[in-house]
Each structure stands twice: as structure tokens, then as C-alpha cells.
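Visitor: I have a structure I would like to understand better, so I am pasting it below and will then ask my questions one at a time.
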Amino acid sequence: MATKKTPASKMAQSPKTPSIHARIDRINNYEGSNIRAFASVNIGGAFAIHGVKIVDSPQKGLFVSMPSNSYKDKNGNTKYNDVFHAITAEARTELNDKVLEAYEQALEEQQDESENEEDSMTQTM
């Protein structure tokens, strides 16, 4: 069976990153947790990723963590494999940027809601 060769011109082109839309499902306010929020991501209108985490660690700062499965290796150490990950640096950067932008927007909306509640409580007193 012969294999079909891809022209060199097509191999040199990098694939276009599809549109990425992120939504914050829940902001996490638990004391002592490094997880700041959970998000869902829609890629190209065809794929959805749930369980994306926004994590704040002392070593790395704020970063996006993909959903993962854990397992024990032969030495009993817990290891993790991402269920989903971007293949190119450009796609990873865009995905991270969209998730972090959605997180910042959700924080602003949450702050606005708190201020509006405080204003309405002050007006009723």
C-alpha cells in the first residue's frame, strides 16, 4: 500500500489556530486552596474542554492547568497526564490568554456585583 506524500509547501505551513472561547464556570474561594477558578473552553465551535483550572502557586504565579488523569508509577509516585493539551506554542499561548482573560473579567464582574449590593444595602438603610 502506497502512502500519499504531502507537498513540501503544505508541510511548511503552520496550522491556523481555531477560535477559542473561554468561560469561567466557578470562582473558587476556599481557604488554603491554590485553585482560583474552574473554566470551560470551546475550540472552533466543535470541541469543548471542561475542568480547566486557574491555579495560583508561589513558584509559578497564576497559570492555566489542563484537566488530567492521575496514576501511580512503578515506584508508587503519583504522576499526571493531561487529558487535553495544545500542540503548538501559539495554540497554548492563545488558550492560556483566553482563559486568563475570562478569569480577569469574571473577577471584575464579581467585584461590580459586590459593589452594587453594598450600594443597594446603603440606600435601604
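Visitor: I'd like the residue in segment 71-89 that is more than 15 Å from the chain's Cα centre (by Cα) and open to solvent by less than 70 Å² (accessible area, probe 1.4 Å) and, out of all such residues, is farthest from residue 102 (Cα to Cα).
Guide: 76
Visitor: Sticking with this structure for a sec: Using beta carbons and a limit of 6 Å, which pairs, at least six apart or on different chains, have the first residue in segment 43-58 and closer than 15 Å to residue 99 by Cα and without any contact (Cβ under 8 Å) to a residue 24 or more places away in the chain and the second one in a strand (DSSP E or B) and open to solvent by less than 40 Å² (accessible area, probe 1.4 Å)?
Guide: Filtered contacts from segment 43-58: 53/65; 55/65.
Visitor: Something else now. Can you tell me which residue is nearest to residue 91 (Cα to Cα) among those in segment 47-70 that are open to solvent by less than 70 Å² (accessible area, probe 1.4 Å) and outside any strand (DSSP E or B)?
Guide: Per the stated criteria, the residue is 66.
Visitor: Take the residues of segment 20-37 that are without any contact (Cβ under 8 Å) to a residue 60 or more places away in the chain and of a type in the set (D, E, K, R): which is least open to solvent (accessible area, probe 1.4 Å)?
Guide: Filtering segment 20-37 for residues that are without any contact (Cβ under 8 Å) to a residue 60 or more places away in the chain and of a type in the set (D, E, K, R), the one least open to solvent (accessible area, probe 1.4 Å) comes out as 25.
Visitor: Something else: If a residue has to be at pLDDT 95 or above and charged (D, E, K, R) to count, how many in segment 5-40 make the cut?
Guide: Within segment 5-40, residues that are at pLDDT 95 or above and charged (D, E, K, R) number 4.
Visitor: Right, something else. Return yes or no: is residue 79 over 20 Å from residue 23 (Cβ atoms) and either part of a strand (DSSP E or B) or of a type in the set (Gly, Ala, Ser) (or both)?
Guide: Answer is yes for this residue.
The values are calculated or read from the model by the stated rules, or taken from the named source; none is laboratory data. Note that this is a predicted model, so its numbers are computed, not measured. All Cβ positions, glycine included, derive from the backbone under ideal geometry; neighbour counts span all protein chains shown. Please note that ligands, DNA and RNA were not included when accessible areas were found on the heavy atoms of the full protein model with its side chains. Shrake-Rupley method; radii C 1.70, N 1.55, O 1.52, S 1.80 Å.
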